[in-house]
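Presented below is the structure to which this report refers.
The numbers here are math on the coordinates, done by the rules we state, and not lab data. Given the structure is predicted, the values throughout are model-derived calculations rather than measurements. Neighbour counts are summed over all protein chains in view; Cβ atoms, including those assigned to glycine, are modelled from backbone coordinates with ideal geometry.
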Amino acid sequence: MNRCQACCLLLLTILVALVVSQDPEKNKIKVLRELKVINTSNANVKQCLWFAMQEYNKESKDKYLFQVVKIIQAQLQVTDRLEYFIDVEIARSNCKKPLNNNENCAVQENSKLEKRTFCNFLVGALPWNGDFTVMKKHCLPA
């Protein structure tokens with residue numbers, strides 16, 4: 001092994017050792033303000049929920065769009081971003097994908113197409129930057 005190869009191997013070993021020995025506590029996101037229940041009519045809650053529903057409908061295999069029927073609860077936690085925990089009931093609408101902006105969507109009721117779901121969304125937001133991310137989503141049939 002020549003001198004250059006030995007140096008490269010040494011540098012690689014040091015890098016691996018640094019990565020392996022990192023303190024996992026340093027990688028934890030620091031909670032600046034603990035989880036607190038907030039008003040569901042809060043503008044940021046509505047913005048986060050709108051974003052979460054856009055993502056939900058993009059990922060959904062259903063040919064109909066789902067919309068919010070009821071916001072059950074909203075909570076806020078502050079870390080390096082605003083984290084909104086939003087519990088909602090959603091239902092299948094009468095609008096098919098993709099949405100035509102001229103359509104008024106209504107919930108499918110009293111038909112074989114009726115479908116309701118309870119979802120918990122965790123949306124990370126930096127609303128002043130227009131930055132929203134669905135960090136977690138968990139949905140169960142109603």
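Per the Cα gyration tensor, the stretch 29-141 maps to an equivalent ellipsoid with semi-axes of 27, 14, 12 Å, ordered largest to smallest. Once the C-beta distance of Arg33 and Leu99 is scaled by a Förster radius of 35 Å, the resulting FRET efficiency is 0.45 to the nearest 0.05.
Short-range pairs are left out: with C-alpha atoms under 8 Å and at least six residues apart, the relative contact order of the stretch 29-141 is 25 percent.
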